[in-house]
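Structure record follows, encoded as structure tokens.
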Amino acid sequence: MFISRIAFVALTVFTFTSALVTPATKRDDVDVLNILTTLKGSTDSILPQIDSLVANKQASSSNLTPLFDQVQTALKTATSSLQGLGANKVKRQTSDELSALLAEIIKDINTSATGANSSTLFGFPGIVSAITLALETLLIELNVIVPGILASVVLLLDGVLGVVVGLLLTLLAIL
């Protein structure tokens, strides 16, 4: 379920960001990297708590919701920090580093969300939707600042998630 939402997010981002690209504003590559590194640090402190609750069979709506709210807040904070940077000519080396970091963040969130959804009878569709929306907004902003980052991220995503997103992007390119 989360994988299909990520595929939808990638397709939406890929489709609509070309219209959102703004004139280039010179910014340091370090700005974007620092924002994603901060996001990674935030998720690295929150997601293990979710995984622990799931592994110990203590996952419930009352203890997972605040943790997923923190993930959503971290994504929104990163997006807010990225807004206003404008389109950026990020060096290829930095772009590759950003893609790897972003793919790792997406994989980690996907792993925790999948575990949480499978650990309860009804899952957490509202939480997953909120995180998907926050992630979509982040991806849109990043694709404006670092054009082409989504294609690089798709290549780094393993398994079904990478295949689904890659196929959607290929279909979009054909159309």
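Some values worked out for this structure:
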read-out	value
Considering residues of the stretch 96-153 that are open to solvent by 20 Å² or more (accessible area, probe 1.4 Å) and among the β-branched types (V, I, T) only, the residue farthest from Q49 (Cα to Cα)	I140
Any hit, the stretch 133-147, residues being modelled with pLDDT under 75 and either within 14 Å of the chain's Cα centre (by Cα) or not acidic (D, E) (or both)	no
Filtered residue count, the stretch 43-56, keeping only those that are closer than 16 Å to I109 by Cα and open to solvent by 40 Å² or more (accessible area, probe 1.4 Å)	7
For L121: the one exception among (1) of a type in the set (A, V, I, L, M); (2) closer than 14 Å to L39 by Cβ; (3) modelled with pLDDT under 80	(2)
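The values are calculated or read from the model by the stated rules, or taken from the named source; none is laboratory data. Predicted model, so just to flag it, every value in this text is computed and none were measured. Every residue, glycine as well, gets a Cβ built from its backbone with ideal geometry; the counts of neighbours run over all protein chains shown. Heavy atoms of the whole protein, side chains included, go into the accessibility calculation; ligands, DNA and RNA do not. Shrake-Rupley method; radii C 1.70, N 1.55, O 1.52, S 1.80 Å.
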